[in-house]
Amino acid sequence: MLKNARYPAKIVIGVCFQYDFEEDKDCFTDWPTGLFEGQIKMIRVDYRKASGPCWARHTCQSLYSGETYYLALDSHMRFINHWDSVLINLLKKCPSKKPIITTYPPGYRLPDTITSETKPVLTCAKEMGSDGMLRLVGKLLNQNFQNPVASAFWVSGFSFSAASVIAEVPYDPYLPHLFFGEESTMTARLWTKGWDFFAPGINIIYHLWERTHRPNFRELPDTKEAEARSQRRAKFILGMIEKSQVEEEALVEIEKYGIPQDSQRSLEDYQKFSGVNFKDGTIQEKAFYSGQPKTIFMDYLLEMIYGTMNAIKK
């Protein structure tokens with residue numbers, strides 16, 4: 001990340017390490033002291049106290065210290081050369097006062113095998129899951145674009161914007177172990193606060209989608225009950241269920257982390273814009289293309305071949 005940045009000295013990194021303090025201690029024994037001093041901020045959490053991605057992202061936001069821009073990422077990423085300048089320039093090209101660059105990145109293979117293909121990915125609706133929550137998918141476009149491409153959806157693993165988003169729409173820490181529902185709630189909260197979404201017109205960041213080499217929090221026991229409770233909170237925020245259907249402990253600070261009645265744009269407005277109705281569980285055709293014409297997407301068969309070769313998020 002820092003190696004490929006144009007201005008590495010201007011970048012501050014916040015990391016929430018969740019690990020076994022005994023078994024994994026050797027990972028930190030040889031941590032280089034003095035390297036990028038003051039630029040890497042860390043929060044260390046015993047893995048048994050880990051509460052899933054929403055809590056971790058909220059915790060990372062607590063490390064913010066006045067930077068101009070905010071880049072939220074999953075781990076296991078690779079970057080193009082001068083990615084920082086590229087992202088800032090793209091953000092300035094967005095036709096919005098409050099733009100966010102966001103998409104599912106294409107994949108790479110260990111250790112650093114990145115495809116030479118530069119066609120970008122646009123996040124689109126895929127289906128409603130059996131739990132009633134929206135599933136998203138990355139679809140390949142058929143060419144590069146000089147300007148960012150408008151999107152109907154936001155994703156958590158790659159989100160770049162002005163840092164003011166942290167104060168305006170902070171991550172909800174009361175969604176322990178929530179996975180499906182995380183992005184839908186944040187998408188609705190961000191959009192109703194006036195933020196607009198755009199995919200980069202070229203590939204900038206690559207993600208390791210393959211997970212067979214590592215365990216994750218969803219493989220740990222005793223998380224299903226917390227996840228179900230968090231999902232009810234998420235469904236209430238999205239207008240899918242009534243408040244009476246949600247236990248009191250799942251309604252903590254719901255006014256702060258929900259969608260206020262006086263929002264700049266309403267939840268109903270977002271559903272009309274995106275083509276997704278959360279309560280009815282329906283998806284209009286335009287949502288399958290993130291509001292864009294079908295003609296800008298790669299042919300389905302070619303995309304299937306390319307996706308298999310390059311681990312596009314499905």
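Only the coordinates and a few stated rules stand behind these numbers; no lab work does. It should be emphasised that the depicted structure is a prediction, and the values quoted were computed from it without experimental measurement. Here the Cβ positions follow ideal geometry from the backbone for every residue, glycine too, while neighbour counts run over all protein chains shown.
Quick notes on this structure:
- Each helix, a run of at least 4 DSSP H residues, gives -39500 (n - 2.57); summed and divided by the residues of the chain, these come to -6500 deg cm²/dmol at 222 nm.
- Contour minus Cα-Cα distance for Ala228 and Val12 (0.36 nm per residue): 74.3 nm
- Dipole magnitude of region 1-112 about its Cα centre (Cβ charges: Lys, Arg +1; Asp, Glu -1), debye to nearest 20: 820 debye
- Ordering Thr103, Thr29, Thr223 by the number of other Cβ atoms within 10 Å of each residue's own Cβ, fewest first, gives Thr29, Thr223, Thr103.
- Ranked for footprinting exposure by Cβ neighbours inside 10 Å, fewest first, Phe79, Phe180, Phe158 give Phe180, Phe79, Phe158.
- Site-free segments of the chain were taken between GluC sites (Glu not before Pro) in DSSP loops having at most 16 other Cβ atoms within 10 Å, sites themselves excluded; the longest one is 118-209.
- Between amide H atoms placed 1.01 Å from N, distances below 5 Å from Lys126 occur with Arg135, Leu136, Val137, all of them 5 or more places distant or on a separate chain.
- Stretchable slack from Lys294 to Asp112, in nm (0.36 nm times residue separation minus alpha-carbon distance): 62.3 nm
- Candidate cross-link partners of Lys243 among the lysines, defined by an alpha-carbon separation under 17 Å and a same-chain spacing of 8 or more, comprise Lys235, Lys256, Lys279.
- Distance distribution P(r), region 65-169, all Cα-Cα pairs, bin width 5 angstrom from 0: 2, 10, 19, 24, 21, 13, 8, 3, 0 percent.
- About the Cα centre, charge dipole magnitude for the chain (Lys/Arg +1, Asp/Glu -1 at Cβ), debye: 980 debye
- Residue exposure sequence - Leu122, Leu73 - by fewest surrounding Cβ within 10 Å: Leu73, Leu122
- DSSP assigns beta bridges within the chain; of those with both partners inside it, close to 70 percent run antiparallel.
- In a fully extended conformation the segment linking Asn89 and Glu210 would gain 40.5 nm over its present Cα-Cα distance, using 0.36 nm per residue.
- Cβ-derived FRET efficiency at R0 22 Å, Met1 paired with Ser62, nearest 0.05: 0.60
- Charge-dipole axis of the chain as Lys and Arg at +1 and Asp and Glu at -1 on Cβ define it, positive-most pick from Trp195, Gly239, Gly14: Trp195
- In summary, the aspartates and glutamates within cross-link reach of Lys119, defined as a Cα separation below 20 angstrom excluding same-chain residues under 8 places away, comprise Asp84, Asp299, Glu303.
- Residue of Ile254, Ile101, Ile204 that the Gaussian network model of the chain assigns the largest fluctuation, springs spanning Cα pairs under 10 Å: Ile254
- Among Lys49, Lys41, Lys92: highest mean-square fluctuation, GNM of the chain, C-alpha pairs under 10 Å: Lys49
- For the pair Arg44 and Asn142, a Förster radius of 45 Å applied to the C-beta separation gives a FRET efficiency near 0.50, rounded to the nearest 0.05.
- Region 102-107 - phi-based ³J(HN,Hα) in whole Hz, Karplus 6.51/-1.76/1.60, Gly and Pro as x: 7, 5, 6, x, x, x
- Most positive-pole-ward Cα, Phe79, Gly275, Asn142, against dipole of the chain from beta carbon charges: Asn142
- Separation of alpha-carbon centers, region 95-162 and region 228-307, rounded to whole Å: 16 Å
- Magnitude of the charge dipole for region 103-204, about its Cα centre and with charges confined to Cβ atoms of Lys, Arg (+1) and Asp, Glu (-1), is about 220 debye.
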